[in-house]
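Quick notes on the structure that follows.
The values are calculated or read from the model by the stated rules, or taken from the named source; none is laboratory data. As the structure is a prediction and not an experimental result, all values here were calculated from the model. All Cβ positions, even for glycine, are placed from backbone atoms using ideal geometry, and neighbour counts span all protein chains on display. The protein model used for the area step is the full one, side chains on, heavy atoms only, and it has no ligands, DNA or RNA in it. Shrake-Rupley method; radii C 1.70, N 1.55, O 1.52, S 1.80 Å.
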Amino acid sequence: MKQNNPLALIQACRFVTLILVWNLSWPSLAFSLEPVSIKKFPQKAIPVSNPVDLTALPLRETFQINHQRFVLQFFFSGPNILGIILKRDLRVPIHLRWCFFRDCSESPFDYNVMIADSYAPPLEDGIFEIRFPPQLKYSFQGLYFSTGR
């Protein structure tokens, strides 16, 4: 006849108790959380002029561009840009130009990216990401957000 190991029996009881407590408490924990809305909290972003002089921006901050056709906020995640469009005229696209010069005067080294096309996402409250071009071996000194090239 096989003898029961008291230690194995205690461990099995602990395991069963843990599973029961977790299963019984999970629904109450899941429904006790309140949804959080970004709109309830004030947006704390530094307004910057367009074009943006990247050499003058403080580190680890969020910035806001107020254009007549759109309002957006962005920050840097490493070399990439992450942002949200707060307001937008859907009839026009939103472009970004990484500028070789601080004043964003035209240069053959500039890099153009479309953030949003006309009547296409990201819409208002839409999030966007712009990846730094990996093939480039130089850095940019400015950004210019516009509704066309």
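Data table
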read-out	value
Residue in region 10-21 that is at pLDDT below 60 and closer than 17 Å to residue 122 by Cα present	no
Options 92, 113: the member that is in contact (Cβ under 8 Å) with a residue 24 or more places away in the chain and β-branched (Val, Ile, Thr)	92
Selection within region 125-149 - among the aliphatic types (A, V, I, L, M) and open to solvent by 70 Å² or more (accessible area, probe 1.4 Å)	127
Strands (runs of 3 or more DSSP E) enclosed by region 62-108 - at least 3 residues per element that are under 15 Å from the mean Cα position of the chain (by Cα)	70-77, 80-88
Qualifying positions in region 42-59 - in contact with a Phe, Trp or Tyr (Cβ under 8 Å, 6 or more places away or on another chain) and either assigned to a strand (DSSP E or B) or of a type in the set (Lys, Arg) (or both)	46, 47, 52
